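Here is the structure we will look at.
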Amino acid sequence: MVDKKLGGAGLRGQVAGETALCTVGKTGAGLTYRGYDITDLATNAQFEEVAHLLLRGHLPTEQELAEYKAKLKSLREMPEALKSVLELIPADAHPMDVMRTGCSMLGNLEEEKDFSEQDDKIDRMLALFPAIICYWYRFSHDGVRIETNTDEDSIGAHFLHMLHGKKPSELHEKVMHVSLILYAEHEFNASTFTARVCASTLSDIHSCVTGAIGSLRGPLHGGANEAAMELIERFKTADEAEEGLMGMLARKEKIMGFGHAIYRESDPRNVIIKEWSEKLAEEVGDTVLYPVSVRCEEVMWREKKLFCNADFFHASAYNFMGIPTKLFTPIFVMSRVTGWTAHVKEQRANNRIIRPSADYTGPESAEWVAIENR
Ligand SMILES: CC(=O)SCCNC(=O)CCNC(=O)[C@H](O)C(C)(C)COP(=O)(O)OP(=O)(O)OC[C@H]1O[C@@H](n2cnc3c(N)ncnc32)[C@H](O)[C@@H]1OP(=O)(O)O
Ligand SMILES: O=C([O-])CC(=O)C(=O)O
């Protein structure tokens, strides 16, 4: 793993542009947003402060933060036409398809007609995405039309309140801040690159984000937190997990929530969310999921030198907060929309259409054959 060559496949190791937003693995295992270390941000900041940092370029003052949060809070009302569309989506739909459709429909209803509107459109998405997933989920699963205007002060608490129909505890609100901060931004990952490619054609902001949601959906990217949950809930004890994992490795199966395209030895987000998962395990009196997750981490490192990425301990942490597995990746969307749109703004500010070349591997020349002779 450690000595892996960064060859051409997957554009690995190739610089595809510039950014002032984020460094990934620049100082070994480090991660920074606009120069601030992820550990400092996750320890001290609210998610809205980090959103402000990414989207407005600096950490807000107390007054700026209060104004920003008040603005986001004022944008939580969902258009009736969007509610109607969400009500048409069946309960067995993939929640990332719900997010994709919700974002796209919002673009139909509140189109970005000029780039001067970009900040308002971004704030609206940030404010409304938690409601899009919760409105659909509660309607399709419980037959309830929820109120999307809770009095919660933060995006994370607003999400939990809509999902569970009650105010979350302080601990759960704090974990949501941490989780949304950890997921907010990650340089030129697949979904962000999707957004930048779309932005480079001078397309609208909803198209950029809709495309990014599609890229994040895959199990090799954002979908891994759900796949990790499906893995750990198969086991009743840590020993059972070890045996199961050894079998999977022998069969050369991929273990979701492990490995990374850029980090080589660890993902700095893992140690942070792991700590919160442990606290939540204590809170709910868990004696299975957390020890199973820890054993998976030990076995993967011992056998393959593969480490947990940001997704692995998110699975147990979300589960302990009563969040259904199918909503894990939409939470990633609620957070990463900040990173995606900050990149779109950056791309627009210094744009050239992204259009790489390919090495041709097809036939040199082919002779035309009339259809009746083929
Ligand atoms: C928030 C995020 O998006 S983080 C990523 C979430 N995704 C996952 O957790 C999915 C599981 N992990 C993976 O599929 C990969 O590690 C990726 C997609 C994250 C990175 O892919 P790559 O950069 O191609 O991985 P890398 O080159 O380091 O892989 C080296 C070898 O380790 C193997 N490997 C990497 N990750 C894993 C894993 N999770 N389980 C088993 N083997 C693995 C690869 O198969 C590869 O072996 P090979 O060369 O014989 O095919
Ligand atoms: O950087 C990547 O390739 C994937 C990742 O961890 C992220 O997007 O958070």
XL table 83/345; 252/326; 254/304; 73/166; Cα-Cα > 19 Å flagged, in table order, is 83/345; 252/326
Sequence of 117, 230 from largest to smallest accessible area, 1.4 Å probe:
230, 117
Highest-first arrangement of 151-162, 56-67, where packing means the average Cβ count within 10 Å
151-162, 56-67
Can you work out the base-10 log of I(q)/I(0) for the range 10-151 at q = 0.21 1/Å, using the Debye formula on its C-alpha atoms alone?
-1.20
When only C-alpha pairs under 8 Å and at least 6 residues apart count, what is the relative contact order of the range 191-324, in percent?
29 percent
Partner lysines for residue 274 [C-alpha distance under 17 Å; skip if fewer than 8 residues away on the same chain]
174
Per-residue ellipticity at 222 nm attributable to helices in the chain (runs of n ≥ 4 DSSP H, -39500 (n - 2.57) apiece, nearest 500 deg cm²/dmol) works out to -18000 deg cm²/dmol
Relative contact order of the chain (C-alpha contacts under 8 Å, at least 6 apart) in percent is 22 percent
First compute the accessible area of the chain with a 1.4 Å probe, then give the percent of it belonging to carbon and sulfur atoms.
51 percent
Just by accessible area at a 1.4 angstrom probe, what is the order of 34, 264 from largest to smallest?
34, 264
Check: the chain dipole with +1 on Lys, Arg Cβ and -1 on Asp, Glu Cβ, in debye
740 debye
Show me, for the range 349-360, the HN-Hα J-couplings you get by feeding each phi into the Karplus relation (A = 6.51, B = -1.76, C = 1.60, θ = phi - 60°), rounded to Hz, glycine and proline as x.
6, 8, 9, 9, 4, 7, 8, x, 10, 10, 7, 6
Tell me which residues come under 5 Å, amide H to amide H, from residue 22 once H is placed; ignore anything under 5 positions away on its chain.
34
One quarter of the C-alpha convex hull surface, i.e. the mean projected area of the chain in nm², amounts to 23.0 nm²
Solvent exposure ordering (accessible area, 1.4 Å, most first) of 166, 73:
166, 73
Can you work out the Karplus-derived ³J(HN,Hα) for every residue in the range 14-21? Use 6.51 cos²θ - 1.76 cosθ + 1.60 with θ = phi - 60°, whole Hz, and x for glycine or proline.
9, 7, 10, x, 10, 8, 9, 8
Residue by residue, what Karplus-based ³J(HN,Hα) values in Hz, rounded to whole numbers, does the range 363-374 have, using 6.51, -1.76 and 1.60 with θ = phi - 60° and x for Gly and Pro?
x, 4, 8, 10, 8, 4, 10, 4, 4, 6, 9, 7
Amide H to amide H, which residues 5 or more places from residue 258 or on other chains are under 5 Å from it, using H placed in the peptide plane?
309
Under a 1.4 Å probe, what is the accessible area of the chain per residue, stated in Å²?
47 Å²
Amide H of residue 223: which non-local residues (sequence gap of 5 or more, or other chain) have their own amide H closer than 5 Å, using H built in the peptide plane?
218
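The values are calculated or read from the model by the stated rules, or taken from the named source; none is laboratory data. Just so we're clear, the structure is a prediction, and the values are computed from it rather than from any experiment. Cβ sites come from the backbone with ideal geometry, for glycine too, and all protein chains shown count toward neighbours. Side chains included, ligands, DNA and RNA excluded: accessible areas come from the protein's heavy atoms. Shrake-Rupley method; radii C 1.70, N 1.55, O 1.52, S 1.80 Å.
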